[in-house]
Amino acid sequence: MKKIFFITIFFISTLFAEKIQIRVVASDDKLARYIAIQEAASKVGQEVIVVSGEQIHPSKIEKISMMSKSLLGRDTYEYIFLVHTKDDSMKYSIFWTIDKILPLFNFLIFPGLLFSIFFAFIISFIDRKLTARIQWRQGPPLWQGMYDFIKLLGKEVLIPSRAQKTIFVLSPIVGFSITVLVSTMLWLYFFVPKYSFSGDIIVVLYLMTVPAVVYMLGASASGNVVAGLGVSREMKLMLSYELPLITAILVPVIKSSSIKILDIMQNSSQPIIFSLSGFLAFLVAVISFQAKIGLVPFDASEAEQEIAGGITIEYSGILLGLIKLAKQILYSIVPLFIIMTFFPGGGLLVVIKYFIVLLLFVLIRNTNPRLKIGQSINFFWKIIFPISLIAIILAVSGK
C-alpha cells in the first residue's frame, strides 16, 4: 500500500511540478538506463533534467519501490526509488527532486484544505472546552466539531421554492473556498516566509471580507424575510468594524514602511505591540476581528434566539456545514494573522502567543452580552474608530 501511495504521488506530481529533476544511478556503479519517468513528465510539458543515466525500455521494469524521502531545502524534496528489472540483472536507484512545493499539494493537503480543516476542529474543541469550563460545564469531546460537520453532510439540502437557486447554492461554496485560500496563504507565509509578496496584507484583508459578502448574497437570494433582516444587520455591522480594522492594520504597515507581511514580521527586534500605538492597534484589531468572525457580543446578524440564525436560516445539509466550517477556519487563522502583524516570533513562543490571543477571543465572547445592532454601530464608530485614529497618529509620530 505504501509503495502504491508513493508511486501515485510521484506520477501525479509530474503534472503539477514546475520543475522536476531526475537522477538515475545504477546500484552496481554502472550507468542506469531509464526512460519511463522522463516520458511521463515530458508529455505534459514539464522541464525534466536527467543528471546521469541512459535509457532503459519500460517493458523491462518489474516494480518500483519507495526507499526514502528527505528535505533538501525549505522548498526542495528528494525521493529515492529502487527500480527492479524483470530479469533482475540490475537494480537502479532513482533520485527524484521537485524544485518547488507543489501548488496543488499546498492548497489541498498542507497547509491548505485538509490541514486547515483539521486545525479548525482542534481550535473549535479548545474554544468550546474553555467556554464550558467558564460556565462550569464538562464540555464536548475532542472531535465534536468533526462529528457535527459529518452529521450535516448526511442531512438533506433543502432549497426554498422562491429562492434564486444558483446564487443560493454557490454562496456557501465560494465563501468556503475563499476562506481556505486565505488560510493557505497565511500558513504558507508562516512556514515558508519567502512566498510573501508586496501587497499581500491587502490581499488577505480583502479576501477575509469576501465570505461575509457572498453569504449576504446567498441569504438575500433565499427570499426569506428573516434572512433579509440578518443581511441588513450584517451589512451595518460590516460598515462599522471594517474601517477600524483596516486603520488598526495600518499601524504595522506604517512602522514597517511596507505592505508585505514578511517585512512586517522582520521589521525590528521589538514587536510592534510593545509600542503605545501598536498596543492600541492590537486592541482595536482583536475587537474588530471578534465582530468579523461573528462572535458574541457582535453576533446580532445570526442571533439564534432572536432571528433563528439570520442569514443561515434557510441553509441546511452540506451548505450549512460549509458555512459553519468556514467560520471555524476563519476563527483559527485570525490569531495567526494578529501574531504575524503585531508580535511575530518563532518556536514555542508562537504557540504561547497564539493561545493568548485565542483566550482573549474566548473571554470576550463569554463575559459580554449580545449588543443590539445600534449599540454595535455606536461602539465601533464612537469608541473603537477614534482609538484606531489615535494609534495612527502615534505611529506616524514614532510612538
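Bear in mind that the values in this text are calculations on the coordinates, not laboratory data. This one's a predicted model, so the numbers in the text were calculated from it and none came from an experiment. So basically every Cβ, Gly included, is an ideal-geometry build from the backbone, and we count neighbours across all protein chains shown.
Take each of the peptides 177-184, 273-280, 366-373, average the number of other beta-carbon atoms within 10 Å over its residues, and list them starting from the highest.
The packing order, highest mean first, is 177-184, 273-280, 366-373.
Work out how much length Leu153 to Trp136 would gain on full extension: take 0.36 nm times their residue separation and subtract the Cα-Cα distance, in nm to one decimal.
Value of the extension gain: 3.0 nm.
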